[in-house]
Structure formats: C-alpha cells, structure tokens
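What follows is a set of notes on a single structure, which appears directly below.
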Amino acid sequence: MVDGRLNNKKIGFIIQARLKSTRLPGKVLMPIPLDSNKSILYRIIESLKGYNDSNYQIIVATSINHENDLIEDFCNSEDITCFRGEEEDVLSRFIEINNSYDFDAIVRLTGDNPIIDIKILAEEINHHLKEEFDYSYSQGLPLGMNFEIINPSRLADLAGKNLSMPEKEHVTLFFRNNKIDYSINSPELNFDLEIQKLRLTIDYPSDYLTLSALIAVGLKENIAGINLVKYCLKNYAWIFQGNINNVQKVQ
C-alpha cells in the first residue's frame, strides 16, 4: 500500500460515472480484461484502495437516470458509497458530496480511466496539501492517467458562482478559466514524449481493446500504473497501435 497521509488528512476520491455514452454505452461496467468478471469501475476502485488503509473515502458520483441503477447496485455489492445527482450538472454532484463530508482534499476521477499510478497520485496529493493549493492538475502522463486535486473550500465557493453550462458539466473548468483568481499547481511529470502521447482512456471500442490488453498484461506480470505502461512499450508496443487514431472530445 502507498501511504499518502499528511498530518492525518482525509482524502475524498470521487469517481464520476454513468452508463449513458454515445460511443460506448455501458462502458464503466464492462468487464476488463475481456474475459474477466471485474468491471472497469472495479479496476479503478481496486487501484484507489492501494492509497492507504484508513485515510480516504471512495465515492462514485452518478446521476439519477434510471439506467444508472446498475451502478448503484454495483456500489452496494462492493460496499462503496454511491451518490446520485443531476445528469448534466456534474459539478453539483461534487458540491453536494463535498457539503456532506469533511475532506481535506478531493481527487476527481472518471469511470473510463482505469490506469492509475497510485504512487504518483499519493505524492502529488501530499504536495497539494503541504503547499495548500486551491487546485492541482497533472501534466505529462498518458491521456487518461492525469489527475485533478481540489481544495474543498474552493469547490464549495463555486455554488455561489454564475456558471456556464460547460462549467457545470466539466467540474474543474471554472478554475482553469479563472487561473488568476486561484492558487493552481500543474506539475509537469517528465516522462518521455512517447509515453505522453499514449491514449489510455476508454471512449471507443478500440480504446477498450487496447486497455483490455494492457490490463491483462498487468494482471499476469503483477505490475500497474506507469510501470505497466513502460513494460508494455518495451515488450508489446503494438498494443498501443489499436487506438492511435482515435480523436479525443475537447472540453
């Protein structure tokens, strides 16, 4: 386990997830690898449980739409807290969760990014807390592995702002649009450009197949995170050719 504690601070890992998807419906509960009985959402939660044994809480934030009953059922089966709120106003879900818990930092994750380097994340959480940043977001990891850390007080402040619909849909967009008003940390993680260019998010069927192959190798070799990416680049570089031409939706 990776111990991310800094003066016993409590971390909230909030995973936004829903089953409605234009390109790959139901993806967050799809098994990965393909022949597994463990879902994409399970893999994310499993990675986060490596943070430490007492100083965090994992919450899945989904919407009240009926199709997401399956996500709530999954959370209940795994003893994971499930919060349900507005479908399009994702920010309101985070604000309501924040109002109900006494977190010292909130980490935003999404249900279509199953590759997490918990060691890197723990180091950056500690740095965020130590320097008391309002908002931190990483750069330099493959697409789908970067992360965001939010000061709960700054998140609560957004409830009183006149926000655009995109700023309600994309939780941290307001911070990025108003950088001059916030203490923002954007650590450059100095990995090779070859690693930074990789696409490790799941939007399309070809993304799913790429990540399925990657995770299958990780389970076999007992490696995860950026070490898994490096191992596959060295030994199975062809894996990453499967989704190389996919286009990412722009926030």
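The values are calculated or read from the model by the stated rules, or taken from the named source; none is laboratory data. Just so it is clear, the model here is predicted, and its values are computed rather than measured. Reconstructed Cβ throughout: ideal geometry from the backbone, glycine too, with neighbour counts over all protein chains shown. Calculation scope for accessible area: heavy atoms of the full protein, side chains included, ligands and nucleic acids excluded. Shrake-Rupley method; radii C 1.70, N 1.55, O 1.52, S 1.80 Å.
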* To do: Determine, for each peptide in 143-156, 15-28, the mean count of other beta carbons within 10 angstrom over its residues, then list the peptides with the highest first.
  => 143-156, 15-28
* To do: Might you list the cysteines of the chain that have no disulfide-compatible partner by the rule of another cysteine's Cβ under 4.7 Å?
  => CYS232
* Asked: What fraction of the DSSP beta bridges in the chain is antiparallel, stated in percent and rounded to the nearest 5?
  -> 25 percent
* To do: Enter the angle in degrees (range 0 to 90, nearest 10) between the Cα long axis of helix 205-221 and the first principal axis of the Cα atoms of the chain, meaning the one along which they spread out most.
  => 80 degrees
* Overall dimensions of region 113-164 as given by Cα atoms, namely Rg and Dmax in Å -> 13.0, 37
* Solvent-accessible area per residue, Å², over the chain with all protein chains present [probe radius 1.4 Å] -> 48 Å²
* Structure fact -> In degrees, nearest 10, the alpha-carbon axis of helix 69-78 is tilted away from the dominant principal axis of the alpha carbons of the chain by 80 degrees
* Structure fact -> Quick calc of log₁₀ I(q)/I(0), the chain, Debye, one scatterer on every Cα, no solvent, q values 0.08, 0.10, 0.17 1/Å, result -0.29, -0.46, -1.48
* Asked: Hey, what D do you get for region 27-120 in µm²/s if you plug the Kirkwood alpha-carbon radius into Stokes-Einstein at 10 °C and 1.306 mPa s?
  -> 112 µm²/s
* Structure fact -> Length gained, ASP192-GLU86, 0.36 nm per residue minus C-alpha separation, equals 34.3 nm
* How large, in percent, is the carbon and sulfur part of the accessible surface of the chain at a probe radius of 1.4 Å? -> 46 percent
* Derived scalar couplings ³J(HN,Hα) [region 113-129; Karplus, 6.51 cos²θ - 1.76 cosθ + 1.60; whole Hz; x for Gly, Pro] -> 10, x, 9, 10, 9, 5, 5, 5, 4, 4, 4, 6, 4, 4, 5, 4, 5
* Structure fact -> Other residues with Cβ under 9 Å from the Cβ of MET165 give, with Lys and Arg +1 and Asp and Glu -1, a net charge of -3
